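Some notes on the structure that comes next.
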Amino acid sequence: MASITAAAAVLLLLTLSTSATASKVKFNVTEMLSEFPEFSTFNNLLSQTKLADEINQRQTITVLVVDNGAAGAITSLPADTQKKVLATQVILDYYDPVKLDGIKDKAAQLTTLFQASGGATGQSGFLNYKEGADDQMAFGSAEPGAPLASKLVKVVASRPYNISVMQISAPIAPPSIGKSGGGGGGKGGAHLPPPRRKMPQEPSPVAAEGPSNEEDSAASPPAESEKSTDATADAPTSAGSREVAAASVGLIGLIMWMII
Ligand SMILES: *[C@@H]1O[C@H](CO)[C@@H](O)[C@H](O)[C@H]1NC(C)=O
Ligand SMILES: *[C@@H]1O[C@H](CO)[C@@H](O)[C@H](O)[C@H]1NC(C)=O
């Protein structure tokens, strides 16, 4: 009898320690992106510029990534400009398609990591977001005259409501960065050429929410939830722990019943 009770206690302790570690696990954007070879160029750039470390230090962040084909427009820029352009793809809040869709008036100005770096001038540290009448979600630099040309392609990975990684069709570059990085001479020399490639996936954010992305499916927050809470932030991991907990409570109940 005593050994059975001890076994139950051990099981309970195991369960408790599992959920305790789960809530402490910090995300690592490099690791998250390493599962997707099509984003390896962007991932390498984040490491080279040390922006990956800055992203990992944040608690709520969104990274807009481009595939290897579109990332060529970034690698061809001077090194210091690369970092600015990359920091412009990082939004200082958690956004997934559900939360974007819930934005009032379907448009917003979003603050980027470039703004937080202190090096941004004017509106260059901000993004414009807009959802078109066709439900296409698009991003662009908030600088006057910049196009809203980077379309949301799909959700790549997410840990609600801490980090969201989404693919966009083309990198976002504030026009003023492109000019200053051009080395003074060439007018618009460093401007990002808009890649006009055919996307392999149907760029529908609704499809992006589909069952193919198991990490995101549990994620969909109710549209009104703007604020992250600890309870919801841990939802995907603690759901698993809860299942284990429920199972062990059931087991302990059974053991108790046998003892009595
Ligand atoms: C996730 O966000 C919540 C709320 O902002 C924060 O308390 C928690 O530490 C974050 N978790 C990670 C892994 O950053
Ligand atoms: C993140 O993951 C990468 C690749 O696995 C690793 O090299 C790096 O040290 C990790 N960073 C942190 C802060 O754990």
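Only the coordinates and a few stated rules stand behind these numbers; no lab work does. This structure is a prediction, so every number in the text was calculated from the model and none was measured. Glycine also receives a Cβ, built like all others from the backbone with ideal geometry; neighbour counts cover every protein chain displayed.
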Amide H partners (placed H, <5 Å) of Gly102, local residues excluded: none
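Which links in Lys26/Lys151; Lys26/Lys104; Lys26/Lys83; Lys106/Lys151; Lys130/Lys151 stretch past 21 Å when you go from one Cα to the other?
Details: Lys26/Lys151 29 Å; Lys26/Lys104 31 Å; Lys26/Lys83 24 Å; Lys106/Lys151 14 Å; Lys130/Lys151 10 Å.
The answer is Lys26/Lys151; Lys26/Lys104; Lys26/Lys83.
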Furthest towards positive pole of dipole, Asn68, Leu92, Ile168, structure part the range 25-168, Cβ charges: Leu92
Estimated vicinal HN-Hα couplings, Hz - the range 109-118 in sequence order (Karplus 6.51, -1.76, 1.60; Gly, Pro = x): 9, 10, 8, 10, 5, 5, 5, 5, 5, x
Distance (nanometres) between label positions extended 7 Å along Cα→Cβ at Ser40 and Ala149: 2.8 nm
Globularity index of the range 25-168, i.e. its alpha-carbon radius of gyration over 2.2 N^0.38 Å: 0.97
Charge tally in the Cβ shell below 11 Å around Lys106, where Lys, Arg are +1 and Asp, Glu are -1, Lys106 excluded: -2
